[in-house]
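For reference, the structure discussed in these notes is given below.
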Amino acid sequence: MARLSFQDLKFSLEKGDVKVSFLNLFYFKLNKGELTSIGKFSLGGSFIDFPEISEKRANNRFNNLLSKGFRNLKNKINGKNVIYIHKNSGIPLIGHIAIGIVDRDTSIIEVKPITSCNLQCIYCSVAEDKRPVDFVIEKDYLAEELHKLVELKNSKGVEINIGAQGEPLLYSPLVDFIHDISKLDTVSEISINTNGTLLTKDLIEKLSKAGLTRVNLSLNSVDEKYSKYISGGEVYDIKRIKKIMPIIQENMELLIAPVWIPGINDDEIPKIIKFCNTLKKIPRIMIQNFLNYKHGRNPVKGVTWEQFEDKLKEWENEYNVKLRYHLKDEFKVKKIKVLSDPFKRGEIVKGEIMGPGRLMNESIGIAGGRLISIKGNLKKGKAKIKIIKIKDHICYGDLIR
């Protein structure tokens, strides 16, 4: 008898097929007939039994089916196709703004393990629900590559900031991932950017125990009606968010990060400030300036940085609160440049198109150990790519036909 057990997969029967859930959020289906061709089988949650064949035969044939299944991975929330990036995928983790690791040559390293969201905020800079494909990265691969970069920086006071084009708490291996990276000696802070809707007392305690040191909470209104409007639906429960905030503070630092959307939540920012003053421990508030993005949702026209600064000063004076921070002083951010780019702007490189990107007219290429965002819906395969822009080790290119 062969029993094949899996940590991240769960099996169930659904309309004549076997539904395979992956990391809770994703799934693919296996044809029951194809499974039967391997041998008689039975399902048991996280395992599948083949009672009449050897484990070696079961592994070989079932793994072929799994590989096929992963090529048809879907997101349970939005039905999008999903690309799973793992150690053996041949896909690097540096070079793209939306996925993997972003190093802007400072002591803060941005980590983006997943793309997907449970909200549809009216101001979303990436209009997440309109993106054609999602990505998720293998925990161990992400931790290993991050470890390499942290070692290269070789400097104490590194902060790992976990964010996403979406909601990073949807990444089910998150607690284990934080535990893995917390072992790095030079990492002093591990923070996460979240809308907070998936936080529970139990999860907060697990995240804290794993090594999370700060929650950057996106809180754009404390009013029930407005908070639902801004978040794009009935899912958002501000009463629950308010109750969870003191629990966060019992376990780690809480930082409040509202987005000021001119003409929409002008009156809500003062209410947020006043509510924060009622907490036993008053959190830092870092208001974000709403910016217009070509591919984002733009319910209003954003203000200039000068106008934004003036508004912060106005609120500071009126409510006697600190709203402007210097990253170098308050967050101890320092310049640490260790990465060099493998090519220059204008250079033509030999690479490979690996599949669709996050935008409707984007593909992702690979060259020189970097991801490259390339214009167009392109076929997979070898390609010549002209590098048109590199900023913060994020690469953009055009296909040379």
Exercise. Among all residue pairs at least 6 apart or on different chains, which show Cβ distances below 8 Å where the first residue, located in the stretch 300-314, is closer than 14 Å to residue 265 by Cα and the second is of a type outside the set (Gly, Ala, Ser) and in a helix (DSSP H, G or I)?
Worked result: 303/311
For this session: Would you be able to say whether some residue in the stretch 91-107 is in contact with a Ser or Thr (Cβ under 8 Å, 6 or more places away or on another chain), under 30 Å from residue 186 (Cβ atoms) and among the hydroxyl-bearing types (Ser, Thr, Tyr)?
Result: yes
Problem set entry | Given (1) outside any loop (DSSP other than H, G, I, E, B); (2) at pLDDT 95 or above, number of the condition residue 329 does not satisfy | (2)
Problem set entry | Filter pass, residue 241 being at pLDDT 95 or above and touching a Gly at 6+ places or on another chain (Cβ under 6 Å) | yes
Problem set entry | Positions within the stretch 59-103 being within 21 Å of residue 160 (Cβ to Cβ) and touching a Phe, Trp or Tyr at 6+ places or on another chain (Cβ under 8 Å), in sequence order | 85, 86, 87, 93, 98, 99
For this session: Taking only the stretch 125-146 into account, find how many residues are crowded, with 22+ Cβ neighbours inside 10 Å and in a loop (DSSP other than H, G, I, E, B).
Result: 1
Problem set entry | Restricting the stretch 221-260 to residues that are of a type outside the set (A, V, I, L, M, F, W, C) and in contact (Cβ under 8 Å) with a residue 60 or more places away in the chain, the residue that is surrounded by the fewest Cβ atoms within 10 Å (Cβ to Cβ) | 233
For this session: Residue by residue through the stretch 147-180, note down the ones that are among the basic types (Lys, Arg), in contact with a Ser or Thr (Cβ under 9 Å, 6 or more places away or on another chain) and part of a helix (DSSP H, G or I).
Result: 153
Exercise. If a residue has to be in contact with a His (Cβ under 7 Å, 6 or more places away or on another chain) and not β-branched (Val, Ile, Thr) to count, how many in the stretch 109-141 make the cut?
Worked result: 3
For this session: Check residue 338 against each of (1) farther than 23 Å from residue 153 by Cβ; (2) within 24 Å of the chain's Cα centre (by Cα); (3) assigned to a loop (DSSP other than H, G, I, E, B); (4) of a type in the set (A, V, I, L, M, F, W, C) and name the one condition it does not meet.
Result: (1)
Exercise. From 371, 378, which residue is in contact with a Ser or Thr (Cβ under 8 Å, 6 or more places away or on another chain) and touching a residue at least 12 places away in the same chain (Cβ under 8 Å)?
Worked result: 378
Seminar exercise, completed: Counting only residues in the stretch 352-379 that are closer than 14 Å to residue 390 by Cβ and touching a strand residue (DSSP E or B) at 6+ places or on another chain (Cβ under 7 Å), the one surrounded by the fewest Cβ atoms within 10 Å (Cβ to Cβ) is identified as 368
Exercise. Of a type in the set (A, V, I, L, M, F, W, C), under 27 Å from the mean Cα position of the chain (by Cα) and surrounded by 12 or more Cβ atoms within 10 Å (Cβ to Cβ), is that true of residue 333?
Worked result: yes
For this session: Being hydroxyl-bearing (Ser, Thr, Tyr) and outside any strand (DSSP E or B) is the filter; apply it to the stretch 34-88 and report the residue that is farthest from residue 99 (Cα to Cα).
Result: 54
Exercise. Here are 303, 259, 349, 338: which of them is at pLDDT 95 or above and touching a helix residue (DSSP H, G or I) at 6+ places or on another chain (Cβ under 6 Å)?
Worked result: 338
Seminar exercise, completed: Only one of (1) in contact (Cβ under 8 Å) with a residue 40 or more places away in the chain; (2) farther than 23 Å from residue 201 by Cβ; (3) loosely packed, with under 13 Cβ neighbours inside 10 Å does not apply to residue 263, and that is (1)
Exercise. Has the stretch 206-216 got any residue that is under 25 Å from residue 323 (Cβ atoms), within 19 Å of the chain's Cα centre (by Cα) and assigned to a loop (DSSP other than H, G, I, E, B)?
Worked result: yes
For this session: Please determine, by comparing only the residues of the stretch 1-28 that are in a loop (DSSP other than H, G, I, E, B) and of a type in the set (S, T, N, Q), which one is surrounded by the most Cβ atoms within 10 Å (Cβ to Cβ).
Result: 24
Exercise. Considering only the stretch 197-216, how many residues are surrounded by fewer than 22 Cβ atoms within 10 Å (Cβ to Cβ) and either touching a strand residue (DSSP E or B) at 6+ places or on another chain (Cβ under 7 Å) or of a type in the set (A, V, I, L, M) (or both)?
Worked result: 9
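The values are calculated or read from the model by the stated rules, or taken from the named source; none is laboratory data. Model, not experiment: these values are computed from the prediction. Methodologically, a virtual Cβ is constructed for each residue, glycine included, from the backbone with ideal geometry; neighbour enumeration extends over all protein chains shown.
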